[in-house]
Amino acid sequence: MTVTDPITAPSSDQPLLGLVSGFIIELRNAGLPVSLTENLDAMEAVTHIPIEDREAFKYALGATLVKNHSHWRAFEVVFEVYFSLRGPEYEIVDGAASGDPSDDEDATMPGEGQAQGGGGGGMSALTPEQLAEMLFRALMNGDEAMLRALARQAVMRFAGMEPGRPVGGTYYLYRTLRNLELDEMLDRLMEAARADAPANLTQLEERLERDEFSDRLDRLKLEIEAEIRRRLVADRGVEAMARTLRKPLPEDVDFMHASREEMVNLKKAIYPLTRKLAVRLARKRRHGRKGPLDFRNTMRHSLSYGGVPAEPKFKFPRPAKPEIMVVADISGSVAAFARFTLHLVYALSGQFSKVRSFVFIDGLDEVTGFFEGVEDIGHAVHRVNMEADVVWVDGHSDYGHAFGVFWERYGKDVGPKTTVLILGDARNNYHASQSWILKELQHRSRKVFWLNPEPKAYWDTGDSIVGEYGTWCDGVHEVRNLRQLEGFVENLV
Amino acid sequence: MIEQPPRFSDLESVRNSLADVNYLADDGIAGVVYLADRLGKPVLVEGPAGTGKTQLAKSVAEIAGARLIRLQCYEGLDESKALYEWNYKKQLLRIQTEGDGASWNEVEDDLFSEEFLLTRPLLEAIRSDDPVVLLIDEVDRVEVETEALLLEILSEYQVSIPELGTVEARQIPLVFLTSNGTRELSEALKRRCLYLYIDYPDLEREREIVSMKVPGVDENLADQVARIVRSIRQLDLKKNPSVSETLDWARTLVLLGIEQIDAKTAIDTANVLLKYRTDIEKVVKEFADNPVELTATDT
């Protein structure tokens, strides 16, 4: 894809449209599906918006280009990168020369503007202690303008940014935050709040104060992040920054390599996903229209047409609900994947006549009980990780032994209605595979599926023996992200 | 497309007139409503339940001085409920009264004329002469196939009736579709709409909403309500309190004559705000000085 540089090569007569089209290309690169009509809409929309109103501009682009709320975050990042340096108030300010504040400008653009108000000017002369004190007071009073100015000052002082240095923004963020010691700041703020209060704070009041301060601290962090991003963009250019900041959308995040933050987002994403899936599946069940003619019902309705069967009625097919047995490897590398799958399967347990689950590392344990009568699935999954007895010898995956135990204890429960799901990367640490068990299972059950969170390219490399096991499965699927998981479960029901 | 003068002169006026009818819009909401008018495009509004999606359409109708036509979606909604239906009984009567006199062609032409057409919300909205705001509520409840019914009207503002021809809009209505996000809407539908996500309001906006909507609430109480609700939303609950529940709660507190919310009041009235027992338990655990037995809280 040709990437137009929006800064150097905007189409000369309509610089704005050139800019917007560059922006849209970057959105597509970030994985957002932007269609041609949406592109045209965006172009038209911005012509109706007063161009100096940054917020309105952002929402105009958002409303026309982003049609899924989970993509909003990605959109914001691209927007910040693309439009962070535009307009005089976004010029990078060094040292004390923080420009002359014009207050009317601030009035038209809430949430913008720069080191204005008290102390914008001579901040670089302050000692770190004075700076910390100012920060403390600004946080205490919730003084937005001051916080913004201090965020800039902090980045300038502590981040140690050097032009051309190939370090990511998170490094600078870490450095800045470490120097500001925000954790202690929260404690200090709480103490001050306690001292200010006429009486002792009740737990409720304490809680409210703490939430308020954390909210302000979060806003400060966002300011710092934005400032760092602005400086990086100024240093490296829009394209390069947009590329480094590009992150997979939540549904595309790899289970096995998710960062801590991505994990949190994944956990948030799984609940709405299961809800959507449950609704869709329930609907599918009810609305299969392929049923045979219901003769009785048709005759009954023909009475109102004088005996003419004008309105044929059909029987609704009622497919039998499958019985599910989930056998999941929960050793380190694939634990996250097992968690998500268990979560999803139990959230949909209404769609199955029976769900039983087993987890293993080298030993195997049934964990169905943890999920019974529990409202909070997340909690049950957590208990599985803490309490299940899955270690037999050394706590390294041993699929062969685990399958052996499964066959011995629960093999008789597998019947022609049972669908067996096996979750794992089939990295057997060179133990015996015991794949004859899978053969027997396949023989006895309705279907055996294997879900592997590893990319297909890695299958059967090293100690992975998914190919051997796969011979005895009705399907081996690569399930690396929520999108693939959703697709699989939908087909399963 | 029909040219018509824009309803709103600028962004600020949208915001102000929405505020005049007691709807507090943030930048995003006002901006999208303004654009919907200028671009002549429908707005798809998504967000958690009880954040004022439907109310937005009602308020916009009010400020635009338009009639609100509402189509409530549900599973099994079909053409005859959403678009139009032929009045079979009347047609039957027509045939019977005709007798042998008329020729087949005459009767046929006559049978499928507007006289025998029963208009349903969508057709009504575009046939209307006076300004209308069309609200298609909870569009995520219809099946994916039924969505296709909406596509023609959303992009062309017309309805094709095979027997009659195409009915075009006399004026372009403002269209709002709301969705609670129980399923992903089709790409085709989304492409035709502007997208607006209404989330829970931030602290300040929620406080303003409470002050505006609850008679007799003072600044101090509104502030406390908003702050407590924000803290509750940060807990990991099954269902977060919505704006409408916040308002109910504020009204309850005003009725009870409470001026200062302490933990006990909050817990005693938590069942207005929260609808699940586990959620209430969680809040009690977090907020109470010494956790009370829950049975005492069920007022």
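Across the protein assembly as shown, the convex hull enclosing all Cα atoms gives 236 Å³ per residue.
Put the Cα centre of region B:147-182 next to the Cα centre of region B:20-58 and the gap is 19 Å.
Qualifying GluC sites (Glu not before Pro) in region A:136-243, where qualification requires a DSSP coil assignment and no more than 14 other C-beta atoms within 10 Å, comprise A:E181.
Take the convex hull of the alpha carbons in region B:203-286; its mean projected area over all directions comes to 4.7 nm². For chain B, with a Gaussian network of springs between Cα atoms less than 10 Å apart, report the residue from B:N22, B:N240, B:N105 with the top mean-square fluctuation. Top of the fluctuation ranking is B:N105. Evaluated with a Cβ-only charge set (Lys, Arg +1; Asp, Glu -1), region A:15-83 carries a dipole of roughly 220 debye about its Cα centre, given to the nearest 20. Highest mobility in the GNM of chain B, judged by mean-square fluctuation with C-alpha springs under 10 Å and restricted to B:E204, B:E114, B:E46, is found for B:E114.
Rg to Rh for region A:15-83: what is it, with Cα atoms only and Rh by Kirkwood?
Working: Rg = 10.7 Å, Rh = 11.8 Å.
Reported Rg/Rh (Cα atoms, Kirkwood Rh): 0.91.
Extending 7 Å from the Cα toward the beta-carbon at both A:D394 and B:R233 defines two label points whose distance is 5.2 nm. Helix B:53-64 and the long axis of chain B differ in direction by around 60°, with both axes built from C-alpha atoms.
DSSP loop (so not H, G, I, E, B), at most 12 other Cβ within 10 Å: list which GluC sites (Glu not before Pro) in region A:372-434 pass both filters. The partial results should precede the final answer.
Working: sites: A:E372, A:E375, A:E387, A:E408; in loops: A:E372, A:E375.
In loop regions of region A:372-434 (DSSP not H, G, I, E or B), the sparsely surrounded GluC sites (Glu not before Pro) are A:E372, A:E375.
In nm², what is the average projected area of the convex hull enclosing the Cα atoms of region A:326-449? Walk me through the numbers on the way to the answer.
Values: hull surface 28.3 nm².
That works out to 7.1 nm².
Give the calculated FRET efficiency between B:L92 and B:S160 to the nearest 0.05, with a Förster radius of 25 Å applied to their Cβ-Cβ distance. Don't skip to the answer; put the middle values down first.
Values: r = 25 Å, r/R0 = 0.99.
It comes to 0.50.
Dipole magnitude for the protein assembly as shown: about 2980 debye, using +1 per Lys or Arg Cβ and -1 per Asp or Glu Cβ, origin at the Cα centre. Axis angle, to the nearest 10 degrees, between helix B:144-156 and the longest C-alpha principal axis of chain B: 70 degrees. The Cα atoms of region B:32-113 define a convex hull whose projected area, averaged across directions, is 9.3 nm².
How long is the gain from A:D218 to A:A310 if the chain were fully straight, where each residue apart is worth 0.36 nm and the alpha carbon distance is subtracted? Intermediate results must be reported in sequence, preceding the final value.
Values: separation 92, 0.36 × 92 = 33.12 nm, distance 6.60 nm.
Computed gain between A:D218 and A:A310 is 26.5 nm.
No value in this document is a laboratory result; all are computed from the given coordinates. Everything numeric in this text was worked out from a predicted model, so none of it was measured. When we count neighbours, we look across all protein chains shown, and the Cβ atoms used for this are built from the backbone with ideal geometry, even at glycine.
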